[in-house]
1. For semi-axes √(5λ) of the Cα gyration tensor in Å, the listed values are (1) 33, 13, 10; (2) 27, 12, 9; (3) 24, 16, 9; which was obtained by calculation from the structure presented?
2. Sequence gap at least 6, Cα distance under 8 Å: using those rules, report the relative contact order of the stretch 2-73 to the nearest whole percent.
3. What is the antiparallel percent of DSSP beta bridges lying wholly in the chain, to the nearest 5?
4. Using the alpha-carbon atoms, what tilt in degrees (0 to 90, nearest 10) does helix 62-73 show relative to the longest principal axis of the chain?
5. Considering only the other residues whose Cβ falls under 11 Å of the Cβ of G13, what net charge follows from Lys and Arg at +1 and Asp and Glu at -1?
6. Can you tell me which of 21-28, 65-72 comes out highest on packing, and rank the rest after it, using the mean Cβ neighbours within 10 Å?
Amino acid sequence: MTRLCAECGKIVGEKCSRCGAKAEPVSVSGTGHAIVGTDFICSECGYRFPQGEGGETHTLCESCVAQVRKAGAGR
């Protein structure tokens with residue numbers, strides 16, 4: 001299951017569709033974020049799979065949450 005930031009589209013996290021453990025991206029950008037469309041490897045069972053194999057869900061990444069809070073504080 002891929003978690004994507006609803007605001008900026010960055011990958012927030014990925015879980016293995018076989019065992020549910022946290023998976024790590026095969027390719028990351030210079031800023032340390034997973035590159036959209038990359039494969040992932042499960043840290044527990046070693047299964048390699050494409051992004052979104054278990055579906056996608058949306059949330060906000062930490063930097064976007066901080067921006068929302070900052071904008072709300074300025075009101």
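1. (2)
2. So the answer I get is 34 percent.
3. 75
4. 20
5. +2
6. Averaged packing, sorted descending, gives the order 21-28, 65-72.
Bear in mind that the values in this text are calculations on the coordinates, not laboratory data. Everything numeric in this text was worked out from a predicted model, so none of it was measured. Neighbour counts run over all protein chains shown; Cβ positions are idealised from the backbone, glycine included.
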